[in-house]
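Asker: Would you mind keeping the following structure in view while I ask a few things?
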Amino acid sequence: DYAEAHCAAGLALHELKQHSAALDCFDRALQLQPDFAAAHNNRGMALRYLNRFAEALPSFAQAIALRPDYVDSYCYYGLALIKLDQYELALTCFERAYALRPDYPFLLGQLLQTKLFICDWQDLARNSAELFTLIQGGSKVSVPFTVLALSDDLDLQRQAAEIWTLDKYPDLPVYPVAARQMEPRKIRVGYFSADFRNHPVAFLTAQLFEHHDRDSFEIIGFAFGPETQDPMRERLQIAFDRFIDVQDLSEADTVALARSLEIDIAVDLGGYTGDCRPGIFALRAAPVQVSYLGYPGTMGAGFMDYLIADRIVIPAAARRHYAERIVYLPDSFQVNDSGLTIADKVFSRADFDLPAHGFVFCCFNNTYKIQAACFLGWLRILAQVPGSVLWLPAHNAAAMTNLQAAASRRGIGAERIIFAQRLPSRAEHLARLRLADLFLDTLPYNAHTTASDALWTGVPVLTCAGESFAGRVAASLLTAIGLPELITNSPQAYQALAVELATQPERLASI
C-alpha cells in the first residue's frame, strides 16, 4: 500500500520505455492516494508517451488543481495540447509556468516556439533577444530546433545545441565498440527515425532506401515513432532488408540490438526534432554515426561523426560552426523520390476561393517559419501587385486569425490572405499546387520538402539565402536545377524580384 513506491516504480518503467506498465503503477498509486499530485502528473506523462494526448489532459489538470504551482505539470500539459493542435491553450500553460519559474530549463524557448506556431509576434523580438543573450551566457533556455527557427546565427545555433547535448547526455556510459569480424560481408547501414510514415522525411527518403546497392550494403530500418499503418509505412517496411520497431525499447536496449546486428554506419534522420532519440547515438550504436536530412544544423555533439550536406547549404567557410565533419554530396544534399505522383484530378481556382485572373503567391511552409519580417515583406509585395493574393496552409485557426489581422493593420484586405485546407492525399495537394504562380520562401528557416514539392509541380520558388543550413536549402535546390536567378541575398532584392515576376508575365514564363 506504499503509493510513493508505486509512483517511483512507474518512473523507472517510464525510463525503460515501458509506458503501459508505468501507467499501471501510477493508477495503483492513485487508488491508494487519490490526492497524490505527482502521480496524476506522471500518469498524464505516461499517456502522452503512449500518444493518448486527449486522455492525458485531465491528469495534468488534476495535478495542477492539487498543486497550483506545479510547473512540471503546466509544461507537460502544454506539450500534450500542442499535439492536439490547441496552441493557444498550450501557450497559456507555458506562460503560467514561466511566471512561476522563469529559469525552468528550456521553457522560454518552448514558449516562443508556441508563439511562432500561432504567428503571435507580440514582444517576440524582445523575447528572442533575451533568449539569445541567455544562450550566449550558457543558460539552458531553449531546445536547439527553436533556435534554428528564430535565428540563422551559426554561433548561436551551435551554442544552443551544445548546451542541450551537455545537459541531456553528460556522462552516459558509452558501450565499447566490439571489433568487427573480418570475414567478408556487406556493410550494414542502420537508419534511425521517428518518421517512417506519411511524413516529409519519409517522402524524401523512400526511394533512397529502395535504390541502395544491395550487392555491397545491407540496409536496416530502426523505427521509434508512432506506429501507423499508412501507405508510406507499408512501403518502407518492404524497402529495407530488415525493418525493426524499437519504439518500446529503451535507448540502451536499442543500442544493444544495433550492436548485436553489427551495424557499421548508423544514420540519424531526426536530429533534434520531434520524438527524436539522440541518446541512442550518445551510447554509440555504431562505429560511424551520421546526421542526415531531418535536422538542418549541427547537433553540437561529439558522438555524431558526420553531417551530410552540400556546398550551398554549408559553404566551406561555414564548416567551423559545425561539430560534425561535413560530407558533401554533389548538386543538392536533399534526396527525393523521382517517382513522386501528382493526381490526375484537374482543380480550378474556384475550388479553393482563388481569383480567376489575379496573381497567386503561395507558401506552404509550417506557420512557425512565417515570422513578422517575412510576412511584412509579403504584404509589401501584395501592395505592389494589384489583384494578387497570398495562399497559405490552414495549419491552425489562431495563426489564420493573426495573419489576416496583421494584413488588415497594414492596409491589405484580409480576403487577400487565403488558406488551403488539408486534402486527403499528397498527390491531390501537388495537383492543387499547380494553381499557384510563385512560391515565396521564408527566412531564417527555408522551405525544404515544400520547396521540392513546388518545383516538382512546376511552380517557381523565390528564396532569400540566409547564413545557416536551414536558411539555404531552397538555394541548394534552385542551384541544382539551374535556376540561380531565383536566389536573392537581401529582403529588398527578394521583394523586388517577386514584384517583377508577378508583373512581367514573359519573365515568369521563361522560368
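Asker: So, in the stretch 121-173, exactly how many residues are open to solvent by 60 Å² or more (accessible area, probe 1.4 Å) and under 29 Å from residue 400 (Cα atoms)?
Answerer: Of the residues in that region, 6 qualify.
One line per residue, one yes/no per condition, for (1) under 27 Å from residue 295 (Cβ atoms); (2) not hydrophobic (A, V, I, L, M, F, W, C):
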| residue | (1), (2) |
| --- | --- |
| 341 | no, yes |
| 344 | no, yes |
| 356 | no, no |
| 362 | yes, no |
| 382 | no, no |
| 391 | no, no |
| 419 | no, no |
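Asker: Looking at the stretch 464-499, which of its residues are polar (S, T, N, Q) and either assigned to a helix (DSSP H, G or I) or more than 20 Å from the chain's Cα centre (by Cα) (or both)? Steps first, please.
Answerer: From the stretch 464-499, those polar (S, T, N, Q) are 468, 476, 479, 488-490, 492, 495; that's our starting set.
If the condition is that a residue be polar (S, T, N, Q) and either assigned to a helix (DSSP H, G or I) or more than 20 Å from the chain's Cα centre (by Cα) (or both), then 476, 479, 488, 489, 490, 492, 495 are the ones that fit.
Asker: Considering only residues that are of a type in the set (S, T, N, Q) and farther than 24 Å from residue 487 by Cβ, which ones fall in the stretch 425-449?
Answerer: Taking the stretch 425-449 and keeping what is of a type in the set (S, T, N, Q), we get 425, 442, 446, 449.
If the condition is that a residue be of a type in the set (S, T, N, Q) and farther than 24 Å from residue 487 by Cβ, then 425 is the only one that fits.
Asker: Going by the conditions given, is residue 502 assigned to a helix (DSSP H, G or I), closer than 17 Å to residue 379 by Cβ, among the aliphatic types (A, V, I, L, M) and in contact with a Ser or Thr (Cβ under 7 Å, 6 or more places away or on another chain)? Don't jump to the end; show me each part of the working.
Answerer: Numbers: assigned to a helix (DSSP H, G or I): yes; closer than 17 Å to residue 379 by Cβ: yes; among the aliphatic types (A, V, I, L, M): yes; in contact with a Ser or Thr (Cβ under 7 Å, 6 or more places away or on another chain): yes.
The answer is yes for residue 502.
For every residue, the table says whether it meets (1) open to solvent by less than 40 Å² (accessible area, probe 1.4 Å); (2) among the hydroxyl-bearing types (Ser, Thr, Tyr); (3) under 22 Å from residue 392 (Cβ atoms); (4) touching a Lys or Arg at 6+ places or on another chain (Cβ under 9 Å).
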residue	(1), (2), (3), (4)
420	yes, no, yes, yes
433	yes, no, yes, no
443	no, no, yes, yes
464	yes, no, yes, no
502	yes, no, yes, no
505	no, no, no, no
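Asker: Yes or no: residue 275 at pLDDT below 95, surrounded by fewer than 22 Cβ atoms within 10 Å (Cβ to Cβ) and within 17 Å of the chain's Cα centre (by Cα)? Explain how you work it out, then say what you get.
Answerer: Working: at pLDDT below 95: yes; surrounded by fewer than 22 Cβ atoms within 10 Å (Cβ to Cβ): yes; within 17 Å of the chain's Cα centre (by Cα): yes.
When the stated conditions are applied, residue 275 passes them.
Asker: Out of the residues in the stretch 310-364 that are among the small types (Gly, Ala, Ser) and not in a loop (DSSP other than H, G, I, E, B), which is farthest from residue 269 (Cα to Cα)?
Answerer: Of the stretch 310-364, the ones among the small types (Gly, Ala, Ser) are 316-318, 323, 332, 338-339, 343, 348, 350, 356, 358.
Restricting the remaining residues to those that are not in a loop (DSSP other than H, G, I, E, B) gives 316-318, 350.
Working: 316: 23, 317: 25, 318: 22, 350: 39 Å.
It comes out as 350.
Asker: Looking at the stretch 260-275, I want the residues that are more than 16 Å from residue 190 (Cβ to Cβ) and have a partner that is among the charged types (D, E, K, R) and open to solvent by less than 30 Å² (accessible area, probe 1.4 Å) with Cβ atoms under 9 Å, at least 6 apart or on another chain. Which pairs are those?
Answerer: Final answer for the pair search is 273/195; 274/195; 275/195.
Asker: Next up: Quick check on my filter: what residues within the stretch 278-304 are open to solvent by 10 Å² or more (accessible area, probe 1.4 Å) and within 15 Å of the chain's Cα centre (by Cα)?
Answerer: Correct list: 292, 293, 294.
Asker: Return the residues of the stretch 227-249 that are over 25 Å from residue 339 (Cβ atoms) and either among the β-branched types (Val, Ile, Thr) or surrounded by fewer than 16 Cβ atoms within 10 Å (Cβ to Cβ) (or both); say none if nothing qualifies.
Answerer: Let us first name the residues in the stretch 227-249 that are over 25 Å from residue 339 (Cβ atoms), namely 227, 244-249.
The answer is 227, 244, 245, 246, 248.
Asker: Another question, then. Restricting the search to the stretch 46-55, which residues are part of a helix (DSSP H, G or I) and either open to solvent by 70 Å² or more (accessible area, probe 1.4 Å) or under 18 Å from residue 34 (Cβ atoms) (or both)?
Answerer: Correct list: 46, 47, 49, 55.
For (1) part of a strand (DSSP E or B); (2) under 21 Å from residue 116 (Cβ atoms), each residue gets a yes or a no:
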{"residue": "415", "(1), (2)": "no, no"}
{"residue": "419", "(1), (2)": "yes, yes"}
{"residue": "423", "(1), (2)": "no, no"}
{"residue": "430", "(1), (2)": "no, no"}
{"residue": "442", "(1), (2)": "no, yes"}
{"residue": "451", "(1), (2)": "no, yes"}
{"residue": "454", "(1), (2)": "no, no"}
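The values are calculated or read from the model by the stated rules, or taken from the named source; none is laboratory data. If you're wondering where the values come from, they're calculated on a predicted model, not measured in any experiment. FYI the Cβ positions are ideal-geometry reconstructions off the backbone, even for glycines, and counts take in every protein chain you see. The accessibility values were calculated without ligands, DNA or RNA, using every heavy atom of the protein model including side chains. Shrake-Rupley method; radii C 1.70, N 1.55, O 1.52, S 1.80 Å.
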